2 protein chains.
Amino acid sequence: MALAHKGLDIDAIPVCFSDIRTIEGGRHSTVPVLVDGDRVVADSFDIALYLDEGYPDRPSLFKGEGGQAMARFIEGWANLVLNLQISRMIVKDVHDILEERDKPYFRETREKRFGTVLEAVQVDRETRRELLRESLAPLRRTLHMQPFIGGEGPLFADYIVFGTLQWARVTSPFAVLADDDPVKDWFTRCLALHDGIGAMQAAA
Amino acid sequence: MALAHKGLDIDAIPVCFSDIRTIEGGRHSTVPVLVDGDRVVADSFDIALYLDEGYPDRPSLFKGEGGQAMARFIEGWANLVLNLQISRMIVKDVHDILEERDKPYFRETREKRFGTVLEAVQVDRETRRELLRESLAPLRRTLHMQPFIGGEGPLFADYIVFGTLQWARVTSPFAVLADDDPVKDWFTRCLALHDGIGAMQAAA
């Protein structure tokens, strides 16, 4: 989404968990990793910073110093509140669509994280959906004031939160957002951005 | 804090709940209300927007369009997460320091909001402090990256969150922040800003 926002053409190369260590000499343990000529940049936020600095003539992902600083808060909220809650609703579904060779690694690390077997983590997800709905209150309030977190149009902060919800959409058939939630309307708007590249990813 | 950030001199007029309807012809039901010449602006966020637009030569409260948009998210988070949680920890203390004529109004509206008598609301506040600590995770993560929510220096978003915690500091002797919380360090930095106008308000 960030690359499309900047209008940059890319070759996207999906990798399995097991193959992350084969990227660019094995220096990275997580994705995404951006290779731009001889520059290699890892971490979504650092990539966004790199793109805005390196391509200042393209639409900004932060729209100013304040937007860049506050996108860090949105990132923290998305990772420590949303991602954590959504993980607990879909982790077994994520496991099930992985390639076979990724499954043992994923199961071991996630069971350690949640302190129980994957099968047990997402059993109470109907209840957890209500908690997520409550946690989305600040976003809902924001979207009551403006169409995007970034204001009149989307910025990187929108893509951070969108990414978390898109991850749920493409890995699990469980609907984490209620149909009558204004956050769902915003998510649908995000799916349509940049010629619908979000919507093109098939839902699980 | 926003007015000090802009370097504007003001006369601050404290009002009791009972007297809010006497301000500027009784058109406002909440404070703050800013009177600037013949302009009257209510609501903290609208005041900040007014100041940044009306005094563009002074330091910005938002640092760009993105910062302005995302400050709405911080506002939502401060109001719907922090304020709600902190209210439940201090509402009886707030009541007790009000002027006598404000107490019946305050008790009635807050007991309706919490669905129980004020005396019952804050009894489990030791437990609630742990929940608040968890809720502060996105702010803690942000402050791990930079000294203020606004980045290298404070912006209006910092003052929004500071205001909520300062409200607790001046109305209740109960410490809502743990001493070893990095959020406490940031709060202490905020107290010292603008010649220490925050610290000048006596703690309860």
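Using a 1.4 Å probe on the protein heavy atoms, what percent of the accessible area of the protein assembly as shown belongs to carbon and sulfur? That share works out to 51 percent. Taking every DSSP helix (H) stretch of at least 4 residues in the protein assembly as shown, weighting each as -39,500 (n - 2.57) and dividing the sum by the residue count yields a mean residue ellipticity at 222 nm of -17000 deg cm²/dmol. Under the simplified labelling scheme, the B:Met200-B:Phe106 pair shows an inter-label distance of 2.3 nm, with each label point 7 Å from Cα along Cα→Cβ. Of B:Gly163, B:Gly67, B:Gly54, which has the largest mean-square fluctuation in a 10 Å C-alpha GNM of chain B? Answer for the Gaussian network model of chain B: B:Gly54.
Cross-link partners of B:Lys6 among lysines, defined as those whose alpha carbon lies under 29 angstrom from its own and excluding same-chain residues fewer than eight positions apart: A:Lys63, B:Lys63, B:Lys184.
Of the three principal axes defined by the Cα atoms of the range B:87-151, the extents in descending order read 45, 24, 17 Å. Taking each residue as 0.36 nm, the span from A:Asp38 to A:Leu131 lengthens on full extension beyond its C-alpha to C-alpha distance by 29.0 nm. Summed over both chains, the contact between B and A buries some 2500 Å² of accessible surface at a probe radius of 1.4 Å. Comparing A:Ala120, A:Ala71, A:Ala168 in a Gaussian network model of chain A (Cα springs below 10 Å), the most mobile by mean-square fluctuation is A:Ala120. Averaged over the residues of B:72-83, the number of partner chain Cβ atoms lying within 10 Å of the residue Cβ comes to 6. When only alpha carbons are used to place a centre, the range A:7-68 and the range B:56-79 end up 27 Å from one another.
Shortest first, B:Thr116 label-point distances to identical copies amount to 2.7 nm, with the label point at 7 Å from Cα along Cα→Cβ.
With distances taken between every two different alpha-carbon atoms, the range A:35-135 has a Kirkwood hydrodynamic radius of 16.4 Å. When chain B is treated as a Gaussian network with alpha carbon springs shorter than 10 Å, the biggest mean-square fluctuation among B:Ser44, B:Ser60, B:Ser29 belongs to B:Ser29.
A:Asp179 to B:His28: FRET efficiency via 1/(1 + (r/R0)^6), r the Cβ-Cβ distance, R0 45 Å, to the nearest 0.05?
0.75
The share of alpha-carbon pairs in the protein assembly as shown lying farther apart than 33 Å comes to 40%.
Computed log10 I(q)/I(0) for the range B:4-49 at 0.19, 0.27, 0.32 Å⁻¹: -0.63, -1.17, -1.40, from the Debye equation with unit scatterers placed on every C-alpha and solvent omitted.
For a label point 7 Å from the Cα of B:Gln146 along Cα→C-beta, name the residues of the range A:55-77 whose backbone N is under 19 Å from it. Only A:55-56, A:60-77 pass the distance filter. Expressed in Å, the radius of gyration and Dmax of the Cα atoms of the range A:13-80 are 13.8, 38.
From the square roots a ≥ b ≥ c of the eigenvalues of the alpha-carbon gyration tensor of the range A:149-189, which class results: rounded (a/c under 1.5), prolate (a/b over b/c), or oblate? Cα axes put the range A:149-189 in the oblate bin. The residues packed around A:Thr127, meaning those with a beta-carbon under 15 Å from its beta-carbon, carry a net charge of +1 if Lys and Arg are +1 and Asp and Glu are -1.
Note on A:147-157: average number of Cβ atoms from other chains within 10 Å of each residue's Cβ is 3. Within the range A:117-176, the proportion of C-alpha pairs whose separation exceeds 18 Å stands at 47%.
Using the Kirkwood radius over Cα pairs, work out the Stokes-Einstein diffusion coefficient for the range A:91-204 at 37 °C and 0.692 mPa s, in µm²/s as a whole number. Rounded to a whole number, D works out at 211 µm²/s. The slack between A:Asp57 and A:Ala192, meaning 0.36 nm per residue of separation minus the straight C-alpha distance, is 46.2 nm. Dividing the C-alpha radius of gyration of chain A by 2.2 N^0.38 Å, with N its residue count, gives 1.05. Average accessible surface for the range B:153-204: 41 Å² per residue, computed with a 1.4 Å probe over protein heavy atoms with every protein chain in place. Here each label is just a point 7 Å from Cα along the line to Cβ, and for B:Ala12 and A:Glu119 those points are 6.1 nm apart.
The values are calculated or read from the model by the stated rules, or taken from the named source; none is laboratory data. No experiment lies behind these values; they were computed from the predicted model shown. Every residue, glycine as well, gets a Cβ built from its backbone with ideal geometry; the counts of neighbours run over all protein chains shown. In case anyone asks, the SASA skips ligands and DNA or RNA and just uses the protein heavy atoms, side chains included. Shrake-Rupley method; radii C 1.70, N 1.55, O 1.52, S 1.80 Å.
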